[in-house]
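Undergrad: I am attaching a structure below and will ask some questions about it afterwards.
The values are calculated or read from the model by the stated rules, or taken from the named source; none is laboratory data. Because the structure is predicted, anything quoted here is derived from the model rather than measured. The protein model used for the area step is the full one, side chains on, heavy atoms only, and it has no ligands, DNA or RNA in it. Shrake-Rupley method; radii C 1.70, N 1.55, O 1.52, S 1.80 Å.
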Amino acid sequence: MQETTVTYTGTGSFSASVNAVVRTVNAGDSASYTVTFTSLNDFAGNIYPQALDWGGVPNSSAHWSPNPVYLPSNGAASTTFTISTSSNTPANNYGNIRLQGRNGSVIKRHPRSG
């Protein structure tokens with residue numbers, strides 16, 4: 001697991017997990033990942049999900065639903081990242097997509113996604 005040090009002056013924090021880290025799809029199909037954010041130490045607020053490096057998948061589009069996602073104090077909330085390929089997306093292993101959530105200066109990510 002990769003750890004990142006952040007500076008944060010608010011109350012509490014949150015964690016992120018992804019339902020699966022590997023998906024195999026045919027050209028023209030889509031892959032979805034559900035990211036669950038969990039409140040730690042009374043954190044509550046909007047989490048803005050982000051996907052890093054998905055642009056390396058040629059001829060594809062992507063979106064989050066919902067975006068942002070509201071995380072209640074001591075609760076959990078989920079959002080889904082969907083990447084859609086086209087019939088022109090070449091076969092390859094696109095394994096460096098990183099899914100994360102941001103609230104202010106706090107960023108939490110699943111250690112490896114994609």
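Undergrad: Find the accessible area per residue for the chain; the probe is 1.4 Å, ligands and nucleic acids are left out, and the unit is Å².
TA: Numbers: 6350 Å² over 114 residues.
Accessible area per residue, the chain: 56 Å².
Undergrad: Could I ask something else about it? Which ³J(HN,Hα) values in Hz, rounded to whole numbers, follow from the phi angles of the stretch 69-76 under the Karplus curve 6.51 cos²θ - 1.76 cosθ + 1.60, where θ = phi - 60° and Gly and Pro get x?
TA: Values per residue, Gly and Pro as x: 10, 8, 9, x, 4, 6, x, 9 Hz.
Undergrad: On to the next question. Of all accessible surface on the chain at a 1.4 Å probe, what whole percent is carbon and sulfur?
TA: On the way: 2890 of 6350 Å².
Here it works out to 46 percent.
Undergrad: Could you give each residue of the stretch 102-108 its phi-based ³J(HN,Hα) in whole Hz, using Karplus coefficients 6.51, -1.76, 1.60 with θ = phi - 60°, and x for Gly or Pro?
TA: The phi angles translate into 10, 9, x, 8, 8, 10, 10 Hz.
Undergrad: Please report the relative contact order for the stretch 35-81, taking Cα pairs under 8 Å with a sequence separation of at least 6, and give it as a percent rounded to a whole number. Please list the in-between numbers first.
TA: On the way: 76 pairs, mean separation 27.0, N = 47.
Computed value for the stretch 35-81: 57 percent relative contact order.
Undergrad: Here's a follow-up. So I have (1) 14.9, 47; (2) 13.5, 41; (3) 23.6, 70, and one of them is Rg and Dmax of the Cα atoms in Å calculated from this model. Which one is it?
TA: Derived directly from the coordinates: (1).
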